[in-house]
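Have a look at the structure below before the remarks.
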Amino acid sequence: MLMPLFTAPTIEFSALAPILIVFGAACIGVLVDAIMIGRLRGWRDEVQMGLVIGSTLGAFAYVVWNARKGVKGPLAMGSIMLDGPTYVAWGALLVFGLLAIMVFRETKVNGGVTAFASSAATVPGSAEEVEADRYRLQQTEIFPLALFSIVGMMVFASANDLLTLFVGLEVFSLPLYLMCGMARRRRLVSQEASLKYFLLGALSSAFFLFGVALVYAYAGSFKLGDIATKMASPTYGSGLLYTGLILLASGLLFKVGVVPFHNWTPDVYMGAPTPVTGFMAICTKLAAVLATLRVFYVALGAERWSWQPVFATLAVATMVLGAVAGLTQRDVKRMLAYSSIAHAGFLLTAVVGANQTDLGRTPSSVASILFYMIAYGFATIGAFALVTMVRNEAGEDNSFAAWSGLAKKSPWVAGIMTVFLLSFAGIPLTAGFIGKWTVFASAWRGGYGWLVVVAVLASLVAAYFYLRLIGVMFAGEPAAKSYVGEASGWTWVPVAIGAAATIILGILPDAVLSMVSSLGAFLR
């Protein structure tokens, strides 16, 4: 009898349905952009948004359904781990992804066109670009690219082995590189941001892949649980492990935006189309933080005495740089970029707060980080959506001068932006305050009280530039050449949901805190 050459893989399609639904919608979106031409061209945006809304809501429903049924454990022959943090990460990525992509669809605020180039493949200033703009031959590849990126993020946040982690990293990164270079206005700046992000991202991916190779040489396996088991009875010296650990951390922390891997953040945030900036500001950070937690808690938890002091040092550098550099900014998007760097440092305080209860599956640091990301995400999506509405004759205007006296022109925009800024600053009765309290408490319980003191001081410094922008909006003289563009529901719905969630989570956080606490333990 002939023996089979290989064994067919076992795929749990029902449990993996959230990923497969979004992936299927992304593939259909590529066909829609290619097939719907001529008279059907005008309906492509509606069809693409229908695919986005249907797939994300359908996938979210599947996430809730499987979570209620208690479906857990390794999937796809151990490549994906379905556990509590995976459910929270998948649900948050789908919600934030949908809200961010809604802003992609906005045309009213931009004079009847989107914020994206009519034909991103054309040379800026070329005859082809002029023709595409004149006849409004808007290509819609931005929607499937965003869905592909969400698929990669979902895989990245739930990967149970290092190879799957690398695949997820590349799947969500490549669409982002393209999306950053698709701005309609200031195309050369946008393409420069895209190139910077691509080159630095490729370098970080190379570091990560070298780290994977070294850890595999040490452990003889790519699976996170096997690596943890091998560390209990090592065969080879620890040099391979420590070198691989450093390289893995470099690749992961680049995506989080931690110092010294942060240099891409201000330029990319400024150059990318603002809807894309909002998308990656929360979704990329959420996926990267979850992947970092999974690698260092599940696989490398036994070496926490080695990596915790390093992460603590990086957290201090990140918080200080983000807070101090943010003081000098006069551009709203660039200020929010340094704010994002500071928040990466705050998140890292909870990561280094891991103690034996965290690594023994009792949720503490993980739950606090999950809540922080949810609170930060709603404010981030809403803030960048509002940034798209402040304009001048040439288009979007992000300078502080354009935001001067904004409360007199549009009290609603200024008031809601104030709510988001206060949440970023961690002011009580906002979601940001509860989020910071949870991550600081986690670090304190983990024995890093001195790090909490530094984090509180950095928060006080960072609060200044948030309050300064609030003062500019309410006390400054109205700018003569700027105005608040009239936006449609595609922008106002994310803003309204973000504002409501920021207030509700600041006043009544118990339900979400209880949820993340019950779902905050990693499985091996």
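Classify the chain: rounded, prolate or oblate, from the alpha-carbon gyration tensor (a ≥ b ≥ c, eigenvalue square roots; a/c under 1.5 rounded; otherwise prolate if a/b is larger than b/c)?
oblate
Return the inverse of the average 1/r over all pairs of distinct C-alpha atoms in the range 377-425, which is the Kirkwood hydrodynamic radius, in Å to one decimal.
11.2 Å
I'd like the distance between the alpha-carbon centres of the range 10-59 and the range 318-345, rounded to an integer number of Å.
Each part's Cα centre sits 36 Å from the other's.
Fewest to most neighbouring Cβ within 10 Å: what's the order for S518, S423, S221, S482?
S518, S221, S482, S423
Most exposed first by the Cβ proxy, i.e. fewest other Cβ within 10 Å, how do S119, S194 rank?
S119, S194
How high is the FRET efficiency from T313 to M77, r the C-beta distance, R0 41 Å, rounded to 0.05?
The value I calculate is 0.60.
Full extension from A202 to T229: what is 0.36 nm times the residue separation minus their Cα-Cα distance, to one decimal in nm?
Gain in length upon complete extension: 6.6 nm.
Order by neighbour count: I28, I416, fewest other Cβ atoms within 10 Å first, most last.
Fewest-to-most Cβ neighbours within 10 Å comes out as I28, I416.
With the cut-off at 1.5 for a/c, could you classify the range 368-524 from its C-alpha gyration tensor as rounded, prolate or oblate?
Prolate.
For the range 324-427, which trypsin sites (Lys or Arg not before Pro) are both in a DSSP coil and crowded by at most 13 other Cβ atoms within 10 Å?
Here the trypsin sites (Lys or Arg not before Pro) that fit, given the DSSP loop and packing criteria, are R330.
Distance in nm between label sites at R468 and L327, each 7 Å beyond Cα in the beta-carbon direction?
Label-label distance for R468 and L327, simple model: 0.9 nm.
Over all distinct Cα pairs, what is the inverse of the mean 1/r for the range 247-311, reported as the Kirkwood hydrodynamic radius in Å?
12.8 Å
Rounded to two decimals, what is Rg over Rh for the range 215-273 when you use alpha-carbon atoms and the Kirkwood radius?
Computed over Cα atoms, the ratio is 1.20.
FRET efficiency for Y242 and A496, Cβ-Cβ distance as r, R0 = 51 Å, nearest 0.05?
0.55
Could you give the alpha-carbon Rg of the range 1-134 over 2.2 N^0.38 Å, rounded to two decimals?
1.43
What is the pair-distance distribution P(r) of the range 258-365, computed from all Cα-Cα distances in 5 Å bins starting at 0, with each bin given as a whole percent?
2, 12, 21, 21, 17, 12, 8, 5, 1, 0
Can you give the extra length, in nm with one decimal, that the chain gains between A213 and A511 once fully stretched, where that is 0.36 nm per residue apart less the Cα-Cα distance?
Difference between extended and current length: 103.1 nm.
Since every read-out is calculated from the coordinates, none of them should be taken as a lab result. Not measured: the values here are computed from a predicted model. Backbone-built Cβ (ideal geometry, glycine too); neighbour counts: all protein chains shown.
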